[in-house]
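Step one of this worksheet: look at the structure below.
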């Protein structure tokens, strides 16, 4: 009898773990609809070309936070224009607590031809910082947005914007008349120790 009880408890535990992983691997419609335009972010072992949740498998969550450097960014529809690439976490410090934008990467004056080749040749205004969601804060969205840079526009950060945290991203977009992104991509991940 004790063996049967132990077996049932173990089975229930495994079933719960399976359900939790299954639930976490499904994007809600709002998150899934964010991606558009054909933007791709290529990490060493992970190609991201649609909205997704970074799986725990193969230690992808740990690698994206602690091992991999900036991804290659591809935009096959790039034209002979200049672009601005922004990567933000709009869920800092956690998605449910009055989140604010945390700037992970900002590059201006990117030539369209470099995006077709998966390269970023431009002025780096904020160096790439990998996704590092704090422990026990749930899933965070990491969003890449590509904007057409208006001609003769010198995109730069103000002294007030020197901090990556609590960045007024909407004000930045408005200040440089960037409008809507021509392409956007996002993935969700959480702290790899969670």
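The values are calculated or read from the model by the stated rules, or taken from the named source; none is laboratory data. Since the structure is predicted, the reported quantities are computational estimates derived from the model, not experimental observations. A quick note on method: Cβ atoms are made from the backbone with ideal geometry, for glycine too, and the neighbour counts reach across all protein chains shown.
Can you name every residue in the stretch 123-157 that is on the phi > 0 side of the Ramachandran plot and surrounded by 14 or more Cβ atoms within 10 Å (Cβ to Cβ)?
Selection gives 138 alone.
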Residues located in the stretch 86-117, provided they are at pLDDT 90 or above and closer than 23 Å to residue 28 by Cβ: 86, 87, 88, 89, 90, 91, 101, 102, 104
For the stretch 66-78, pairs from a residue that is at negative phi and without any contact (Cβ under 8 Å) to a residue 40 or more places away in the chain to a residue that is surrounded by 15 or more Cβ atoms within 10 Å (Cβ to Cβ) and assigned to a strand (DSSP E or B), with Cβ under 6 Å and 6 or more apart or across chains, are 71/41; 71/43
Filtered residues of the stretch 158-168 (kept if under 17 Å from the mean Cα position of the chain (by Cα) and surrounded by fewer than 17 Cβ atoms within 10 Å (Cβ to Cβ)): 165, 166
Please go through the stretch 52-81 and pick out each residue that is crowded, with 21+ Cβ neighbours inside 10 Å and either under 24 Å from residue 194 (Cβ atoms) or more than 15 Å from the chain's Cα centre (by Cα) (or both). 54, 61, 64, 71, 75, 78
Report, by residue number, each residue of the stretch 91-114 that is in contact (Cβ under 8 Å) with a residue 60 or more places away in the chain and either in contact with a helix residue (DSSP H, G or I) (Cβ under 8 Å, 6 or more places away or on another chain) or closer than 15 Å to residue 178 by Cβ (or both). 101, 103
